[in-house]
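Working notes, structure below.
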Amino acid sequence: MWVVKLGGSLAAGGALPAWLEAITAAAAPLVVVPGGGPFADAVRAAQARWGFGDADAHHLALLAMEQYGRMLCALAPELVPADTPETLHAARAAGRRAVWLPAAMALADPDIPRDWSVTSDALAAWLAGRLGARGLALVKSAPLPESGSRPLAGLCAEGLVDPRLEGYARAAGVPVRLLGPDARAALPRVLAGDAGAGLEGTWS
């Protein structure tokens, strides 16, 4: 099983329906982690306007991911929301594609920082570790090379992944692959474990 993080910024373009089709058509088992997208942007704007703390913003950002996740389920009825390891595994056993709703599990772990340094990228790696996933695929709205490798630290410096991703991926022991908005055809190869598919994010 792979964890596939579907970037929230894909909601601003036209690639999202095609990615949902690719995910629901995939033969390999997977769990979808939703980004925050416009819902998380609303949290950032509200925090800037009203000045509440990062811990509350973190909680609201988790709920923003849940809003985006429920939107994905509404757009693709083949997807089912799941918020615990049990419901995630039950969806897999039933042959369904689960979309992770992160608030309950993430808030239950006191070691996850309650600030903006942890976004859906790092949470996807954290979930991959919790589920014993084979790997993590990050679907981004920014154009990316279709193959090759780049250090995760460098990708972080470019703003393509969050600063906590590398640590969580290393702790989970999962390979990380990044796919650009038009790289849907590479998804089956990534899920099959093809090391040459997608942009590899390497650990330092």
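Computed from the coordinates by the stated procedures, all read-outs in this text should not be read as laboratory data. Just so we're clear, the structure is a prediction, and the values are computed from it rather than from any experiment. Because the Cβ atoms are built from the backbone with ideal geometry, glycine has one as well, and the counts that use them run over all protein chains shown.
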Among Ala26, Leu79, Leu178 the positive-end extreme of the charge dipole of the chain (Cβ point charges) | Ala26
Virtual spin-label span in nm between Ala94 and Asp182, 7 Å along Cα→Cβ = 3.8 nm
Nearest-20 debye value, the stretch 2-202 charge dipole, Cβ charges on Lys, Arg, Asp, Glu | 300 debye
Which of (i) 8, 30, 27, 20, 12, 3, 0; (ii) 9, 35, 33, 18, 5, 0; (iii) 9, 39, 39, 12, 1 is the computed P(r) over Cα pairs in 10 Å bins from 0, in percent for the structure on display?
-> (iii)
In whole angstrom, how far apart do the alpha carbon centroids of the stretch 137-204 and the stretch 27-102 sit?
-> 20 Å
Towards the positive end of the charge dipole of the chain, with charges on Cβ (+1 Lys, Arg; -1 Asp, Glu), say which of Gly159, His58, Gly201 has the farthest Cα.
-> Gly201
Please turn the phi angles of the stretch 87-98 into ³J(HN,Hα) values with the Karplus equation 6.51 cos²θ - 1.76 cosθ + 1.60 (θ = phi - 60°), one per residue in order, whole Hz, x for glycine and proline.
-> 6, 5, 5, 5, 4, 5, 4, 8, x, 9, 9, 8
With only Lys, Arg, Asp and Glu charged, each at its Cβ (+1 for the first two, -1 for the last two), find how big the charge dipole of the stretch 132-186 is about the Cα centre; round to the nearest 20 debye.
-> 180 debye
In cubic angstrom, how much convex hull volume per residue do the alpha carbon atoms of the stretch 100-147 span?
-> 107 Å³
Going residue by residue through the stretch 53-68, the Karplus relation 6.51 cos²θ - 1.76 cosθ + 1.60 with θ = phi - 60° gives ³J(HN,Hα) values, rounded to whole Hz and with x marking Gly or Pro, of x, 5, 4, 5, 5, 4, 4, 5, 5, 4, 5, 5, 4, 5, 4, 5
Are there GluC sites (Glu not before Pro) in the stretch 146-204 that DSSP marks as loop and that have at most 13 other Cβ atoms within 10 Å, and which are they?
-> Glu158
Over all distinct alpha-carbon pairs, what is the Kirkwood Rh of the stretch 129-195 in angstrom?
-> 12.5 Å
Using a 10 Å Cβ count of at most 14 others and DSSP loop calls, identify the longest part of the chain lacking such chymotrypsin sites (Phe, Trp or Tyr not before Pro).
-> 53-202
Anisotropy class of the stretch 86-204 from Cα gyration tensor, a/c 1.5 cut = oblate
